[in-house]
Amino acid sequence: MNNKDIFTRYESLKRNRGVWESHWEEIAERVMPRAAEFVGERQPGEKRTEKLYDATAALALERFAAAVESLLTPRGARWHTLRTTNPDLNRDDDVKMYFNQVENAMFSYRYSPKANFASQVHEGYMSLGAFGTAGLFVDAAPVRGAMYRAIHLADLFICENKHGMIDTVFRKFEVTARVAEKMFPDGDLSDDLKKAAKEKPDEKIKLLHVVMPREDRDMSRKDRKNAAFFSGYFEFKTKQLIEEGGFSTQPYIISRYNTGTREIFGRSPAMTILPDIKMINEMSKTVIRAAQKVVDPPLLIADEGVMFPINTNAGAATFARMDGRNQPPIQPLQTGARIDIGMDMMEQRRKVINDAFLVTLFQILVETPTMTATEVLQRAQEKGALLAPTIGRQQTEMLGPLIEREFDILDSQ
C-alpha cells in the first residue's frame, strides 16, 4: 500500500467516525471536560467547564474507573497467571517454575516507575466509562521492559478484522519539531521539518502512525519490515513516509465497553444516561436561580413615596414617606419557589447516574457493615454476576492482548 492509499484510507476512517465525534464532545463537556477535544482544536489551559453545573457524573466516572481497576488490574496484587494450553504440561514442576519466574519479571517491569503503567491504564478506564473505547500504546522501553501511554480517543481511527477484533489503528498526533527529529534520527524527514527543528524547535508538527496487518510479508525473514504488523510514521503535511518498521504483536491495545450492531467504536455508561446527565445540569441551573430569589429576593417598590436610588446593601438606608401606610413601601417579593422539590428530583437523577457507573453496586458492603459472612458472600456473588459481562469483555480485548504484547517485548529483549 503506497502513501496515497494510506491517506485515502485515513480519510475514509475519518468520515466513518464523524458522527461519533459530536456525541463524544457532548459527553466530554459534562463528564470529562479535560478530554473535550473532539470538535475543533483547544488551547492548553483553556477553560472547559462552561457546561458543567453538577459534578455527579464526573465524580461517578472517577469511581467507576477505580472500581474497574480494582477488579481487573489491582495494584499490589498478582492479577494474572501464565500457563500453556496443555493441561498435562501445566502440571510439570519445571514448567510451573518457568512461568512463575516469567510472571515475576512481567509484574516487576510493568510496575516499575519508568513504565508508567498504573496511571496510564487508569486513564484508559476513564475513557472506557466516558466514551466506551479506550486506547493504550505499549512500546518497548529503551533498555528493558515496556512503556505505556494512554491514547486520547480523538487521535484514534480503528478498523476490525473478520472476527470483530481491532487489527488496524491510525493515530494522528502532534509533537514539536525538535521531538520529531529526536524520534526519527535516521528517518526520511522533509526539508521543511528539518528547517523547523533548527529555527522553530517548538513548532507543532502533525504525524500519522499507521499499524495494520502486513499483506506482503516474507515469512523467511525476521526483520522489522517483514513482521506481522506493518508500522509506518508519516508526516501529515507532506504525506511523506518518515520511517517504516513493524511489530510482531499489535502495540495498540483497543478495548470497548459495549458495541452496537454494525458499530466499531464502543458505547459507554455515559452514553446510556446522557439524557439524565444533561437533565441534572439543567436542574442545577434552575435550582440555583430559585435559591438566589429566596436568599436575595427581588423587591416590590411602591409606585410613589420612595426616593431613588434604592440601596440594597446591608445596613444601608433608603428614604421613603410612610404617611400612615399599612405596608412598607419596599418589601421582598416572595415567589413561593419549592427548592426542596427540585432537590428531590436531582437526587433521583443522581441515583440513576451512580447506578449506571456501578457506584451503587460497590457501596453495598460499605453502607451495610453489619452483614453476616454469609450475606457478604452472597452480595459478592451477586456483584460478580452483574459485572461478569463487562469484565469478561475487558479480559478478551484488553488484558489478553496486553499480556501477549508484554510477553513478546520481554522475550525479544
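The values are calculated or read from the model by the stated rules, or taken from the named source; none is laboratory data. Please read these numbers as outputs of a predicted model, since none were measured by experiment. Note: ideal-geometry Cβ built from the backbone for every residue, glycine included; neighbour counts use all protein chains shown. Heavy atoms of the whole protein, side chains included, go into the accessibility calculation; ligands, DNA and RNA do not. Shrake-Rupley method; radii C 1.70, N 1.55, O 1.52, S 1.80 Å.
Numbers for the structure displayed
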{"read-out": "Accessible solvent surface per residue of region 128-233, calculated while the other protein chains remain in place, 1.4 angstrom probe, Å²", "value": "52"}
{"read-out": "Listed residues Leu89, Ser119, Gly145: farthest to the positive end of the dipole of region 1-153 (Cβ charges)", "value": "Gly145"}
{"read-out": "Along each principal axis, Cα extent of region 201-322, largest first, Å", "value": "104, 44, 22"}
{"read-out": "Candidate lysines for bridging to Lys172, where Cα separation is under 23 Å - those fewer than 8 sequence places away on the same chain excluded", "value": "Lys4, Lys14, Lys182, Lys194, Lys195, Lys200, Lys204, Lys206, Lys225, Lys237, Lys239"}
{"read-out": "Leu386-Ile339 FRET efficiency (beta carbon distance; Förster radius 30 Å; 0.05 resolution)", "value": "0.25"}
{"read-out": "Segment Thr318-Leu377, extension gain: residue separation times 0.36 nm, minus the distance between their alpha carbons", "value": "14.3 nm"}
{"read-out": "Förster-model FRET efficiency, 30 Å R0, Lys222 and Tyr111, C-beta, rounded to 0.05", "value": "0.45"}
{"read-out": "Theoretical FRET efficiency, 1/(1+(r/R0)^6), r = Cβ-Cβ of Gln348 and Val294, R0 22 Å, to 0.05", "value": "0.50"}
{"read-out": "Sparse-neighbourhood loop sites, chymotrypsin sites (Phe, Trp or Tyr not before Pro) in region 249-331 - DSSP loop, at most 13 other Cβ within 10 angstrom", "value": "Phe319"}
{"read-out": "Lys, Arg +1 and Asp, Glu -1 on Cβ, resulting dipole of region 226-349 about Cα centre, debye, nearest 20", "value": "200"}
{"read-out": "Note, ³J(HN,Hα) from phi for region 48-57, Karplus 6.51, -1.76, 1.60, rounded to Hz, x at Gly and Pro", "value": "10, 10, 4, 9, 9, 10, 9, 8, 4, 5"}
{"read-out": "Cα centre as origin, Lys/Arg/Asp/Glu Cβ charges: the chain dipole, Debye", "value": "220"}
{"read-out": "Net charge contributed by nearby residues that have their C-beta within less than 13 Å of His122 (K/R +1, D/E -1)", "value": "0"}
{"read-out": "Peptides 4-13, 268-277, 305-314 ordered by average Cβ neighbours within 10 Å, highest first", "value": "268-277, 4-13, 305-314"}
{"read-out": "Unit charges on C-beta of K, R, D, E only; dipole of region 161-268, Debye", "value": "380"}
{"read-out": "Hypothetical label at Arg262: residues of region 154-174 whose amide nitrogen lies under 20 Å (7 Å Cα-Cβ projection)", "value": "158-166"}
{"read-out": "Amide H contacts of Asn258 (H built 1.01 Å from N, under 5 Å, at least 5 apart or other chain)", "value": "Arg267"}
{"read-out": "Relative contact order, percent, region 172-317 [alpha-carbon distance under 8 Å, six or more residues apart]", "value": "15"}
{"read-out": "Base-10 log of normalised Debye intensity for region 49-112 (one unit scatterer per alpha-carbon) at q = 0.13, 0.14, 0.20, 0.29 Å⁻¹", "value": "-0.57, -0.61, -0.87, -1.15"}
{"read-out": "Fully extended contour minus Cα-Cα distance, from Asp155 to Lys200, at 0.36 nm per residue", "value": "13.8 nm"}
{"read-out": "³J(HN,Hα), Karplus 6.51/-1.76/1.60, whole Hz, each residue of region 213-219, x for Gly, Pro", "value": "x, 7, 8, 9, 9, 9, 5"}
{"read-out": "Cα-only Debye scattering, the chain: base-10 log of I(q)/I(0) at q = 0.07, 0.09, 0.14 Å⁻¹", "value": "-0.49, -0.72, -1.37"}
{"read-out": "³J(HN,Hα) computed for each position of region 265-272 - Karplus, 6.51 cos²θ - 1.76 cosθ + 1.60, integer Hz, glycine/proline x", "value": "6, x, 10, 10, x, 5, 5, 5"}
{"read-out": "Relative contact order (percent, whole number), the chain, Cα cutoff 8 Å, 6+ residue spacing", "value": "17"}
{"read-out": "Neighbour cut-off at most 14 other Cβ (10 Å), DSSP loop, GluC sites (Glu not before Pro), region 206-298", "value": "Glu215, Glu263"}
{"read-out": "CD proxy at 222 nm, helix term only [per DSSP H run n ≥ 4: -39500 (n - 2.57); per residue of the chain; nearest 500]", "value": "-14500 deg cm²/dmol"}
{"read-out": "Per-bin percent of Cα-Cα distances, region 10-138 [10 Å]", "value": "10, 28, 27, 19, 10, 4, 0"}
{"read-out": "Loop sites in region 40-72: GluC sites (Glu not before Pro), DSSP, at most 12 other Cβ within 10 Å", "value": "Glu41, Glu46, Glu50"}
{"read-out": "Charge dipole of the chain about the Cα centre (unit charges at C-beta), most positive-ward option of Val102, Ser12, Ile391", "value": "Ser12"}
{"read-out": "The chain - percent of accessible surface contributed by carbon and sulfur, probe 1.4 Å", "value": "52"}
